[in-house]
Structure formats: C-alpha cells, structure tokens
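Working notes for the structure below.
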Amino acid sequence: MSAIIEVAFKGNRKEFYLWESEQIPAVNSAIIVEADRGEDFGLVHAVGELALKRNRGTPHGTGEAAPTRKARRLASTDDVRKHDELRAQDEEARRKAMDRVRANALVMKVSDAEWQWDRKKLTFYFTAEKRVDFRTLVRELAATFRTRIELKQIGVRDEAKRLDGIGRCGRQYCSASWLPELRPVSLGVAKDQRLSLNPTQISGACGRLMCSLRYEHEFYVQARRRFPKEGKTIRTAAGEERVVSNDIFRERVVLRNGEGELRTIPLAQLLQETDAAGGTIVPAVAERTADKRDQAPSFAQRDSVPLPEMIEEEEDEIEPDVVAEAEPTPEQPASEKQPSTTDQDRRPHRRRGRRGGRRNRGGRRDAGGNGGREGGPDKPKPSGPA
C-alpha cells in the first residue's frame with residue numbers, strides 16, 4: 001500500500017511523493033525521488049498522518065488527490081557523497097552566471113543556483129525589478145555547463161525564504177522556519193495592530209513588511225471586535241464618556257468624561273455599565289464579509305489603482321515560475337530556444353496620462369494647449385495688439 005511522504009530539498013523547497021515500499025523511511029532520512037527528466041536527492045520531512053495533513057493544508061500539497069511522483073529508494077553512502085559535492089559546486093555556478101549577466105549588461109541578480117542530483121538540470125533563481133531579455137544568457141549558460149538550464153524569477157520574500165538567515169529578533173526567519181505560506185502584507189495590517197508606520201521598524205531583511213504581521217493580524221482583528229471604537233462617545237454609569245484607548249491584552253478600556261477626568265475599567269465592567277445605561281457600543285473593528293487585504297490583487301487590478309493607494313498598500317510578491325529553459329544541444333530548433341512567457345509578459349501596460357497640450361478634434365495640437373477653444377479651427381484667434 002502506498003504512503004504519502006513529504007521531502008525537503010535545498011532552499012526550503014518541499015514536495016510530496018508516494019512511497020510504495022512497506023518500510024516507511026524515518027524523518028530526516030536521505031532519499032532519492034523522481035524529478036524532471038531524472039532523479040533528485042532530498043530529506044524526509046514528514047510521514048504518516050502529519051504528511052497527510054500537510055498535503056491537504058499547505059500550498060505545495062496536492063489536496064485530496066494523491067501525488068503524481070514517486071520516491072524511489074533510500075540514498076546510499078555514495079549518493080550522499082555525490083550530493084555534498086554538488087552542493088559545493090552551486091556557489092561556483094552562481095558566480096559564473098553572474099559573470100555572464102554582467103557581460104550582457106542585464107539588470108538582474110542571480111541569488112542562488114541548484115544542481116539536480118543526476119546533473120541533468122541546473123536551476124538558477126534570480127530577482128529583477130523589470131522585464132529582462134535573457135535569451136542570449138540562457139544559451140551561453142547552456143553552452144558553459146553542458147546541461148539543461150532553467151531560470152526562475154522569484155520575489156524578494158521568496159529570496160529571503162530560500163537563502164534563510166537571522167531576523168532582527170535574533171531567531172531564524174519565519175518564512176524559512178515555520179511559516180506555511182507567504183501571504184501579501186499591506187500597510188493596513190500594521191495600522192490595525194497599532195504599530196509604528198516607520199518602515200525601518202516593521203520591515204524585514206528582504207526590505208518588505210515582515211511576514212509575521214500578516215500571520216498575527218487575525219488575532220488583533222478578532223480581539224478588537226469586542227472593544228469599543230476609539231474616539232466614540234458612549235453612555236455608561238458615570239454618564240457620557242469618550243473612549244481614549246483599548247488594551248486588548250489586559251482587556252481594559254480608558255475613558256474620559258466631560259470634565260477631562262480619566263478612568264480605566266475592565267472590558268466586562270464597561271459592557272455591564274453600558275447595558276444598564278441603555279447605551280450601545282460601536283466595535284473598534286467592524287465585521288467584514290470579505291477583507292480585501294486578505295486577497296492578493298491581480299496585476300490588472302494593481303495597475304488600475306490610483307497612486308496614493310499604491311503607496312499605502314504593500315504590493316504582494318509574484319509566485320515563483322519558470323522563466324526560461326535551454327538545452328545544451330546546438331541543433332535545438334529556434335522555436336524551443338525562445339523563453340516561455342510568464343506573468344511579466346501578460347502584465348498590462350500602465351495607462352499613461354497625456355503630456356503637453358490637448359488635441360482638438362482635427363488631431364492637431366495648438367501652441368497653448370487649449371485644443372480648439374482659443375486659437376483653434378472653430379474660433380480664430382483675435383488679431384490686434386495684446
């Protein structure tokens with residue numbers, strides 16, 4: 001009977017495989033699995049019920065369906081030695097790729113390289129802010145390494161997850177250690193948590209807002225729905241008072257009466273006083289049927305957003321995707337040498353505003369930019385002294 005196991009690879013990459021042998025491998029066991037046109041080396045990350053649960057609940061899982069690829073066998077001592085030798089060659093391959101990037105004057109950064117265990121494929125991970133024409137680069141890399149080359153563009157968050165490191169808290173990056181998925185993080189998340197909007201204080205090593213803000217956001221939203229909204233006037237046993245601040249951890253509310261006196265009372269006592277006085281409480285966070293910040297906007301939606309909102313909302317990361325492939329064979333058809341398009345090529349162009357003067361109906365541009373109002377063909381410009 002087949003069992004599902006989760007296998008971890010370099011750069012915190014994980015996939016699920018079918019194990020058809022009766023003896024299920026132990027966690028952290030070295031294993032050889034099926035890969036794209038060959039075999040790859042990995043470590044067992046989860047087995048049994050945990051692997052089934054993660055297969056249904058993680059983004060890299062297959063859900064209710066069974067994985068399509070199989071784990072072939074446990075790795076031998078020679079397989080482990082071969083894997084260690086390949087990992088030592090990854091940095092050299094990355095440096096050679098960066099040399100070719102500089103030679104072709106491409107604006108991109110090759111952040112990592114990964115040899116497949118059977119040396120049938122070499123994958124480069126890179127980041128770039130704009131579209132890059134790297135067709136020549138792919139051909140040069142294929143001729144240099146004599147293997148199948150694959151380029152994948154990743155975002156800065158995925159780069160931090162892949163390279164790993166220590167955060168400002170002194171611990172391993174959340175994205176690389178335990179965070180199940182990288183969800184978009186907006187500036188509104190920090191506002192809901194009453195955090196400082198200083199980018200240096202709420203940004204991670206990747207330069208974007210910290211992923212932990214998005215993970216903790218739901219707790220703050222649920223807690224603040226039980227508290228009154230700051231700045232609102234409510235009716236209590238002491239009369240009408242204004243809500244100054246809320247302490248969701250100690251469940252206390254600070255109130256100010258008409259004479260300016262402050263008092264701090266527990267939330268339960270405030271609810272009792274409000275009910276006795278016949279008043280109502282407006283929650284600090286209203287119920288939302290669908291939070292727009294929970295949904296990653298598409299490229300078309302982001303391009304249609306006005307500039308102030310684009311500055312306020314943090315743009316989400318792109319999903320890692322294959323950008324280009326190349327085979328080392330020189331007789332490869334020209335159609336296969338063209339890089340496959342990604343979301344960058346399907347990204348709609350921004351609508352640019354008109355520059356200069358307006359155009360009149362005849363398609364001509366007047367000198368003053370008035371377009372047919374004064375000096376146009378419908379109304380001649382009056383002559384005479386100015």
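Of note:
- Debye log10 I(q)/I(0) at q = 0.13, 0.20 Å⁻¹ for segment 106-205, Cα point scatterers: -0.64, -1.09
- Based on the reciprocal of the average 1/r between different C-alpha atoms, the Kirkwood radius for segment 1-149 equals 16.9 Å.
- Segment 61-124: Rg to Rh, with Rh as the Kirkwood radius over Cα pairs: 1.14
- Within-13-Å neighbourhood charge of His83 [Cβ basis; K, R +1; D, E -1]: -4
- Value of D in µm² per second that Stokes-Einstein yields for segment 40-84, Kirkwood Rh from Cα pairs, at 20 °C (1.002 mPa s): 174 µm²/s
- Given Lys14/Lys96; Lys53/Lys96; Lys53/Lys130; Lys109/Lys191; Lys82/Lys152; Lys121/Lys161, the pairs whose alpha carbons are separated by over 31 Å: Lys53/Lys96; Lys53/Lys130; Lys109/Lys191
- Segment 160-248 - Rg over Rh from alpha carbon coordinates, Kirkwood radius: 1.13
- For Ala205, nonlocal amide neighbours, meaning residues 5 or more places apart or on other chains whose placed amide H falls under 5 Å from its own, do not occur.
- To the nearest 10, the accessible area of Thr233 is 80 Å² with a 1.4 Å probe.
The values are calculated or read from the model by the stated rules, or taken from the named source; none is laboratory data. Here the structure is a predicted model, which is why all the values come from computation and not from measurement. When we count neighbours, we look across all protein chains shown, and the Cβ atoms used for this are built from the backbone with ideal geometry, even at glycine. Accessible surface areas use protein heavy atoms only, side chains included; no ligands, DNA or RNA. Shrake-Rupley method; radii C 1.70, N 1.55, O 1.52, S 1.80 Å.
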